[in-house]
Every structure is written in structure tokens, then in C-alpha cells.
1. Which condition from (1) open to solvent by less than 60 Å² (accessible area, probe 1.4 Å); (2) touching a strand residue (DSSP E or B) at 6+ places or on another chain (Cβ under 6 Å) is the one that Gly15 breaks?
2. If you scan the range 1-25, which residues turn out to be in a strand (DSSP E or B) and touching a Gly at 6+ places or on another chain (Cβ under 8 Å)?
Amino acid sequence: QVQLVESGGGLVQPGGSLRLSCAVSGTGFSAYAMGWFRQAPGKQRELVAQIGSGFTTKYADSVKGRFTISRDNAKNTVYLQINSLKPEDTAVYYCNAGRATLSTYYPYDYWGQGTQVTVSS
């Protein structure tokens, strides 16, 4: 059984930064692709960043150049560094374990509880 626990969210002013963490328990972490999703009120959950088992990364256009995903297989943890935050980044951020091809991320039904990111002055 895989369990994920996100942390690092909070209230930040526009232009600020946050580092989200997702600690993963269970076996096989290094073999999973990992994704960060976000869901704003009234909107669908969207994939914003993914990192493959081979450390290849991919980003949604809306976050390119501002978000950086990374993973530490020794710590079973995936990170999301968020810079230059905008009010439209406000959402609950979730991490996910899944698999990825060159073109598509396929989420498994392994989700954390989410961490709230609020960008406001």
C-alpha cells in the first residue's frame, strides 16, 4: 500500500515562493512516475508537473519557468518548488504516484490529502 503525505503549503504574497514536499511510504517509490496536481475551487484537478522514474520532467504551460519538480529516491520524497507565485496559483495541491509515457501521465489511485496554497496580498 502506498501512502502520500503533502506538506509545505501556506499563505504567501504574490511573487513569493513555496516548497511543497510529498513523503511517500510503501515500496517501489523509485519505479513510480510522480505528479503534482492542483485543484482550485470550482475547477477540475489539473496536472501541473511530473517527474519520471528516470527523472525526466514535464510541466503545464501555465507553470513553466516558475515551478520545478524534483525527487529524492533515498528519502522517498518528491518536491515542488514554486516561485513567482500568482493569485491564480491558489489551489489545493496534491501529489500522486503513477506511470508516464513520453506523452501522457497516468495517475494511479494513490493520492495525498493535499496542501492548500493561497496567494494573496
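1. In the conditions (1) open to solvent by less than 60 Å² (accessible area, probe 1.4 Å); (2) touching a strand residue (DSSP E or B) at 6+ places or on another chain (Cβ under 6 Å), Gly15 misses (2) alone.
2. Pass one, the range 1-25, residues in a strand (DSSP E or B): 3-7, 10-12, 18-25.
Within the range 1-25, Gln3, Leu4, Val5, Glu6, Leu18, Arg19, Leu20, Ser21, Cys22 meet the criteria.
Okay, residues lined up against (1) under 17 Å from Gly9 (Cβ atoms); (2) open to solvent by 60 Å² or more (accessible area, probe 1.4 Å):
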site	(1), (2)
Trp36	yes, no
Leu80	yes, no
Asp89	yes, no
Ala97	no, no
Tyr108	no, yes
Trp111	yes, yes
Ser121	no, yes
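The values are calculated or read from the model by the stated rules, or taken from the named source; none is laboratory data. Remember, predicted model here, so these are calculated numbers, not experimental data. Backbone-built Cβ (ideal geometry, glycine too); neighbour counts: all protein chains shown. Surface areas here come from the heavy atoms of the whole protein model, side chains and all, with no ligands, DNA or RNA. Shrake-Rupley method; radii C 1.70, N 1.55, O 1.52, S 1.80 Å.
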